[in-house]
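A short worksheet on the structure shown next.
The values are calculated or read from the model by the stated rules, or taken from the named source; none is laboratory data. Keep in mind it's a predicted model, so treat the numbers as computed, not measured. Heads up, the Cβs are rebuilt from the backbone with ideal geometry, glycines too, and the neighbour counts pull from every protein chain shown. Surface areas here come from the heavy atoms of the whole protein model, side chains and all, with no ligands, DNA or RNA. Shrake-Rupley method; radii C 1.70, N 1.55, O 1.52, S 1.80 Å.
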Amino acid sequence: MSDYVAPLADMRFVIEELIGLERVAALPAFGELNSELVDQVLEEAGKFGAEVLAPLNRVGDTYGARFDAGSVSMPPGFKEAYAKFVAAGWNGLAGKPEFGGQALPQIVAMAVGEIWNSANMAFCLCPMLTSGVLEALERIGSQEQRARFLPKLTSGIWSGTMNLTEPQAGSDLSAVRTRATPQPDGTYKLFGQKIFITYGEHDLTENIVHLVLARTPDAPEGTRGISLFIVPKFLPDANGNAGVRNDVRCVSIEHKMGIHASPTCVLAYGDNGGATGYLVGKENEGLRYMFIMMNHARLAVGLEGVAMSERAYQHAAAYARLRVQGRELGATSGDRVAIIRHPDVRRMLMLMKSQTEAMRALAYTAAAAIDLAHHHPDAAERARHQSLLDLLTPIVKGWCTEQAIEIASLGVQVHGGVGFVEETGAAQFYRDARITTIYEGTTGIQALDLVSRKIGSERGATMRMVLAQASSTAADLLGSGDPGLEATGERLKDALAALEQATDWLVGIFPSDPHQGAASAVPYLKLCGLVLGGEAMARAARVAARRCDEAEADRTFYRAKLKTVSFYAEHILPQSRAAVRVVTHGAKATLALDEASF
């Protein structure tokens, strides 16, 4: 397997030049943030990812997590790597200082998270879930709950999980049956079973803090009757340490297509009298609370798509440079050349590279929106960035993960026949990426959320704001006087018109015929991703063109960026014309076939 090298140059470019680090650094919460600090964090993260996590990726895939009588042991080296991870303070990167965190913005934490996921996605799933628990408890946990649980979760000494799904419910959380019975001391006893619980049991941390959805005895039916509970594996003692074992146990782990080192657990609650739980917030408000963690996780999974795409691209590019096969096209004699010299291999690598860079730009834009929505001093600006974040979350999650599968598949194709052989490593990236479109709600669920809540309910207001800003980008390129930039501007203008047409159609159709809107939801989400990713690439071209004229700039990087943007404009953006046709005319064909004919 090839070595992983964090793409620090492109990460810095997106954070500092494309998004504008100064916008985040100007926020009162991040007064000490500067380029030097960001560079230092990313460089150290890159070293940790390359030297500690990446060498364990193949080990984790081949060895896997092991289940034995209720206990789960991690692959060789994982426990030692996690101890180093905690000792270095990586788990608390974006955590609050009062709980031991470093209070760095999400725009930095997301870039570091990309490094972890590229290096070893199965490992990264543990701290990713913990960060979601932190986000939820910081916002809606009681003062006593925050004091008891957040210091150890922030450090990573304890880890956290999200417990939603049950065997009979799947994604339909209205069907949750886990029971929570109130006790005289103010706690609850929980009874039930949860499935698909990532890192629900393992040997990396002293304790595991589960956030669990359950119903109290008098709860109404449906999602309105769900409450949220903290259910730790070990109940904290008077000193805040892991004490008596709680009545929650792992009864099995799943045998999966990929991410073999990440234990996906079935957890049983209350087999021996009831698992002690602590109510978070108010009864029957659990689903609303859980969506704090869910939306955090959805962006994190979208980032996994970016990370797996980067890793698959690096692996394919390294192989293409080394694999010698065939002569240069048109040559009848002479030495055989590396396959990177063959045009179709170049095409595949450019598809991988250009889309990964577009996905990174869009994901980091969402991260910056979190920082601005939470910390901007002006309430109107906070609301505007929250609306942007709400719009981008399902797009980043859905589009980036769908493209990750395509990009990882291209990585297998670049390898040819040996790509289908496990020892070369390309297949693992494909297998690991495949779960990302399912995690935290399938692409169909993300798309329905996008078209119903983010487009239909507000009649496309936020999308039209985004389209107006994007149209300004296209106009700038068209008026640049640079033929290359003008060509990109023309492609972007055409793609924006397609997205506007699709948006207008959805706004018009959804109130009267939601089935047609739902049938076109996934094609619309993908259209949003490829167009908004293209707009981010167009802005990147505008910056790169200016920097190419500066003597002290890294002209090699900026020239490569311009060429990559040009490829995206000519190969990806034109797909918007076909996509808008599918959105606006394809729904009836989707719904036409009688159920009996399937």
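A few points about this structure:
- For the range 5-149, the spread of Cα positions along each principal axis, largest first, Å: 52, 42, 21
- Amide hydrogen neighbours beyond the local backbone of W158, cut-off 5 Å, H modeled: L153
- Cut-off 14 Å between beta-carbons: net charge of the residues surrounding A54, Lys and Arg +1, Asp and Glu -1: -2
- Rounded to the nearest 20 debye, dipole of the range 115-239 from Cβ charges on Lys, Arg, Asp, Glu: 140 debye
- Kirkwood-based shape ratio for the range 253-292, expressed as Rg/Rh from alpha carbons: 1.13
- Of the residues V24, G46, S71, the one whose Cα sits farthest toward the positive end of the charge dipole of the range 18-95, with +1 on the Cβ of Lys and Arg and -1 on the Cβ of Asp and Glu, is S71.
- Isotropic mean projected area of the C-alpha convex hull, the chain (nm²): 29.7 nm²
- Eigen-decomposition of the gyration tensor built on the alpha-carbon atoms of the range 428-519 gives equivalent ellipsoid semi-axes of 30, 22, 10 angstrom, largest listed first.
- The residues neighbouring E406, those whose beta-carbon lies less than 12 Å from its own, together hold a net charge of +1 under the Lys/Arg +1, Asp/Glu -1 convention.
- Carbon + sulfur, % of accessible area of the chain - ligands and nucleic acids excluded, 1.4 Å: 52 percent
- Per residue, the convex hull spanned by the alpha carbons of the range 505-598 comes to 106 Å³.
- Here the 3J(HN,Hα) profile of the range 194-203, calculated from phi with Karplus coefficients 6.51, -1.76 and 1.60 at θ = phi - 60°, is 10, 10, 6, 8, 5, 6, x, 8, 5, 10 Hz, Gly and Pro shown as x.
- The chain - accessible surface per residue (Å², probe 1.4 Å): 40 Å²
- Percentage relative contact order, the range 452-585, counting C-alpha pairs under 8 Å, at least six apart: 30 percent
- The long axis of helix 461-478 is offset from the longest Cα principal axis of the chain by roughly 30 degrees.
- Centre-to-centre, using Cα atoms only, the range 301-339 and the range 1-60 are separated by 25 Å.
- Pairwise FRET efficiency - A238 versus Q413, Cβ, R0 = 51 Å, nearest 0.05: 0.30
- Between V583, A560, L530, the Cα set farthest toward the positive side of the dipole of the range 528-587 (charges on each charged residue's Cβ, about the Cα centre) is that of V583.
- A probe of 1.4 angstrom, applied to the heavy atoms of all protein chains, finds H374 with accessible area near 80 square angstrom.
- Between helix 106-140 and the chain there is an angle of about 50 degrees, using the helix long axis and the longest principal axis of the Cα atoms.
- Rounded to the nearest 500, the helix-only mean residue ellipticity at 222 nm of the chain stands at -18000 deg cm²/dmol, with each DSSP H run of n ≥ 4 adding -39,500 (n - 2.57).
- Accessible-area rank, largest first, for E381, E310: E381, E310, with all protein chains present and a 1.4 angstrom probe.
- The charge dipole of the range 203-263, taken about its Cα centre with unit charges on the Cβ atoms of Lys, Arg (+1), Asp and Glu (-1) only, comes to about 120 debye.
- Note on A383 and S457: the extension gain reaches 25.0 nm, defined as 0.36 nm multiplied by sequence separation minus the Cα-Cα distance.
- Annotation for the range 32-121: GluC sites (Glu not before Pro) lying in DSSP loop with at most 10 further Cβ atoms inside 10 Å of their Cβ are E32.
- Other residues within the sphere of radius under 11 Å centred on the Cβ of K397, judged by their own Cβ, net out at -3 (K and R +1, D and E -1).
- Separation of alpha-carbon centers, the range 376-447 and the range 472-535, rounded to whole Å: 20 Å
- Length-normalised contact order for the range 231-366 - Cα pairs under 8 Å, 6+ apart - percent: 15 percent
- Out-of-range pairs (alpha-carbon distance over 24 Å; input K454/K561; K96/K397; K96/K526; K256/K526; K96/K189; K353/K526): K454/K561; K96/K397; K96/K526; K256/K526; K96/K189
- Over the chain, Cα pairs under 8 Å with separation of 6+ residues give a relative contact order of 12 percent.
- Summary of packing: across the peptides 384-392, 63-71, the per-residue average of other C-beta atoms within 10 Å ranks them, highest first, as 384-392, 63-71.
- The angle between the Cα long axis of helix 343-375 and the longest principal axis of the Cα atoms of the chain comes to about 50 degrees, rounded to the nearest 10.
- Point-charge dipole on Cβ atoms (K/R +1, D/E -1) for the chain, about Cα centre, debye to 20: 680 debye
- Rough spin-label spacing in nm, given labels placed 7 Å along Cα→Cβ, for S472 and R336: 5.5 nm
- Signed unit charges on C-beta, dipole axis of the range 356-508, positive-most listed residue P483, T437, H415: T437
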